[in-house]
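Before any comments, here is the structure.
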Amino acid sequence: MNRINRIGRFLSYLVFQNIAGLIGLGLIRVLFGERGWFPVPEVQDILNPILKYFLPLLFAYTGGRMIGSHRGGVIASFVMIGMIAGNPSDYSMLMPAMLVGPLTGWIIARTDRWLVDRIPVGLELLCYNVAAGLIGVVLCLFCYAEVAHWFVLGMQGIHGAAKLMLESNYLPWVALAVEPGKVMFLNNVMNHGIFEPLGIQQTKEFGQSVFFLLETNPGPGAGLLLAYYMLLKNKPRDNARSSLLIQFVGGIHEVYFPYALMRPLVIVPLIAAGLAGNWVFVLLQAGLVATPSPGSLIALMLMAPKGMHLPVLGGVLASAAVSFAGCYLVLLWKGGPAFDDPAALAVHHLSEKSEDEIPLKEESQRKTIRKIYFACDAGMGSSAMGAALLRKKIKQAGLPVEVGNCSVDGIPADADLVISQAMLTARAQEAAPRPEHLSMVSFVDAAFYDGLIDRLRSEVLQGSANEPESEENGAMFTPDHVLIRAQADDKWQAIRQVGGLLVRLGLVRDDYIGRMIERERVLSTFIGNGVALPHGVGAADTGILKPGIVIAQYPDGVTFDEGNKAYLLIAVVGGEQQMGLVSRIAFMIEKPETVQALVHAGSPLEMHRRVSAFLQEPASETNE
């Protein structure tokens, strides 16, 4: 089940990165399509190539790049051309693109990893690209001759089943699965992995699709939050009001999931609300021209074709009314307005039952926090909202802390603190065990932000009290100087990650990172054997505070110059000691088998043990 969830999250993240293209398609249809406000028959000459070529190739490239970097994306697009050419029907190729792209990227990545120790020095560019080209030809021809045919048969079965559900009036009953799935944070999986491909094909045939409304309907969540707002008092009431605005107008549905989980019985009225809304949509033949992302009332109205605004609004209001009535009765029956804020209750519950939970004001031995990431399921919804709220508060407090947002499965290696919703914290810890993790239930919980700001302010006042101690007796390289299983989209992001660790360890000043990037632009620091040595513009750089070595491991590789991939990034700073340190590193990475052992090191301790052995050998030989 966990593997299926990961696949679904991957596909939803793939779609999120290209959502602007889908919205552009929807706007053209709304404005100038057959059922648009200003119909222009010639606009079909634009829509057809968008659907047939642009979107499938875009999705294939994105999926290939996510796994196999840029070359994986290029070959995935090449293979997708074979699929498109082999498709004799009018079915959209978007769904196969979401499968062909990642699969091709995976094949390219595995091939690159297999070739890394088998290519003669100087022939890397030629061998990698020739191998990728051969793979692309084989897969392209295979998709053209075989896969496209079987895809058409499969799509005929899927759309036949969907059509049967529509004609038999069974479609509204999907709410039995949709509403519980949303509360369990599977909303993106269902919307972008299932309903969106079906909706695109139906829109191609009928000009609109009801599938775009089944998961994105904000009515059930709005009714639940309104019930909470009516029953709560004081500050919890303000939190519920903020959540209602964010969910109904902003379209970030995740804000109501914790409220539902605090009173699991409300899932019954939520399902009833989903059923009511779906029945109205079907009876009034409502539909949208593209997926509304995020699923706000504004987005639904924007994607509704001419004449469909009232049917769409009717379904949303019907589901909101049913949800409010049912949830109000359930909440009143379970204790009325006397219960506390769901966010506060959940945080208290976690602090009692989880030994891993770290209270905001707990004094710990952790490093000073310089980079905070909010993590949610897809990395673009509630996490973006939480990051924006905290970023504003940090700016007002004048604190030197950066805030970002990301997917719970793609936490950057430079994170010092990761904040996620309670149900996602375990996944976040599994994806990134190194940083500190905090759980929260509601991303609009003001008390949480106030407590965090107090903690950050106290750390700043303490100065460098929490910085890692650096004594001359070997603190130049410790397990804290290691990043394991790091990920980066390109070499610039990887260099910033390595530079960020140098800064956090107190080895360099912040401005040193800019000089590392400046040096990389002048001449690549990739030195072969899958290793790069990013550094500044000189050993006497005033940004260097003390000597040290930082090593970042990238198992998937980071593309440097001419397609070469670096699997280890080693940053050496040391002023007068730099040349000696670099010579020791050169001795260590001379043998490919040594590099491979470091690339596959499973923990900072293992990496530290292996590297320390090499750092000591040249020194002892020199002394002799």
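Among the residues of region 51-64, those identified as over 22 Å from PRO294 (Cβ atoms) and either free of Cβ contacts under 8 Å to residues at least 40 places away in the same chain or open to solvent by 30 Å² or more (accessible area, probe 1.4 Å) (or both) are LYS52, TYR53, PHE54, LEU57, TYR61.
Here is a yes/no grid of residues against (1) of a type in the set (Ser, Thr, Tyr); (2) modelled with pLDDT of 80 or more; (3) closer than 23 Å to LEU523 by Cα:
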{"position": "SER464", "(1), (2), (3)": "yes, no, no"}
{"position": "SER470", "(1), (2), (3)": "yes, no, no"}
{"position": "ALA475", "(1), (2), (3)": "no, no, no"}
{"position": "LEU483", "(1), (2), (3)": "no, yes, no"}
{"position": "ALA488", "(1), (2), (3)": "no, yes, yes"}
{"position": "TRP492", "(1), (2), (3)": "no, yes, yes"}
{"position": "ARG496", "(1), (2), (3)": "no, yes, yes"}
{"position": "LEU501", "(1), (2), (3)": "no, yes, yes"}
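If you go through region 198-252 and keep only what is small (Gly, Ala, Ser), at pLDDT 80 or above and assigned to a loop (DSSP other than H, G, I, E, B), you end up with just GLY207. Of all residues in region 107-117, exactly one satisfies the criterion of being modelled with pLDDT under 80 and either open to solvent by 60 Å² or more (accessible area, probe 1.4 Å) or of a type in the set (Lys, Arg) (or both), namely ASP117. With respect to the conditions (1) open to solvent by 20 Å² or more (accessible area, probe 1.4 Å); (2) modelled with pLDDT of 80 or more, PHE16 lacks only one, and its number is (2). Considering region 76-99, the residues that are open to solvent by 20 Å² or more (accessible area, probe 1.4 Å) and farther than 19 Å from LYS204 by Cα include one that is modelled with the lowest pLDDT, namely LEU99. Within region 411-425, residues that are charged (D, E, K, R) have Cβ atoms under 6 Å from residues that are open to solvent by 10 Å² or more (accessible area, probe 1.4 Å) and assigned to a helix (DSSP H, G or I) in these pairs: ASP414/GLY500, counting only partners at least 6 apart in sequence or on another chain. Scanning region 487-516 for residues that are among the hydrophobic types (A, V, I, L, M, F, W, C), farther than 17 Å from LEU568 by Cβ and either touching a Gly at 6+ places or on another chain (Cβ under 8 Å) or free of Cβ contacts under 8 Å to residues at least 24 places away in the same chain (or both) returns LEU505, LEU507, VAL508, ILE513. The condition of being open to solvent by less than 10 Å² (accessible area, probe 1.4 Å) and free of Cβ contacts under 8 Å to residues at least 40 places away in the same chain holds for only one of GLY73, GLY36, that being GLY73.
A residue that is in contact with a Phe, Trp or Tyr (Cβ under 6 Å, 6 or more places away or on another chain), closer than 18 Å to HIS253 by Cα and assigned to a strand (DSSP E or B) cannot be found anywhere in region 387-396. Restricting region 104-149 to residues that are hydroxyl-bearing (Ser, Thr, Tyr) and touching a Gly at 6+ places or on another chain (Cβ under 8 Å), the residue that is farthest from PHE560 (Cα to Cα) is TYR144.
Residue-by-condition table, conditions (1) part of a helix (DSSP H, G or I); (2) within 17 Å of TYR228 (Cα to Cα):
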residue: GLY307; (1), (2): no, no
residue: VAL316; (1), (2): yes, no
residue: SER319; (1), (2): yes, yes
residue: VAL322; (1), (2): yes, yes
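Checked against the criteria, MET184 does not count as open to solvent by 30 Å² or more (accessible area, probe 1.4 Å) and in contact with a Leu (Cβ under 7 Å, 6 or more places away or on another chain). Out of everything in region 132-181 that is among the polar types (S, T, N, Q) and assigned to a loop (DSSP other than H, G, I, E, B), what residue ends up being surrounded by the most Cβ atoms within 10 Å (Cβ to Cβ)? Across region 132-181, the extreme among qualifying residues is ASN169.
The values are calculated or read from the model by the stated rules, or taken from the named source; none is laboratory data. Remember, predicted model here, so these are calculated numbers, not experimental data. With ideal geometry, Cβ positions are generated from the backbone for all residues, glycine too; neighbour counts draw on all protein chains shown. What goes into the accessible areas is simple: the full protein's heavy atoms, side chains included, and nothing from ligands, DNA or RNA. Shrake-Rupley method; radii C 1.70, N 1.55, O 1.52, S 1.80 Å.
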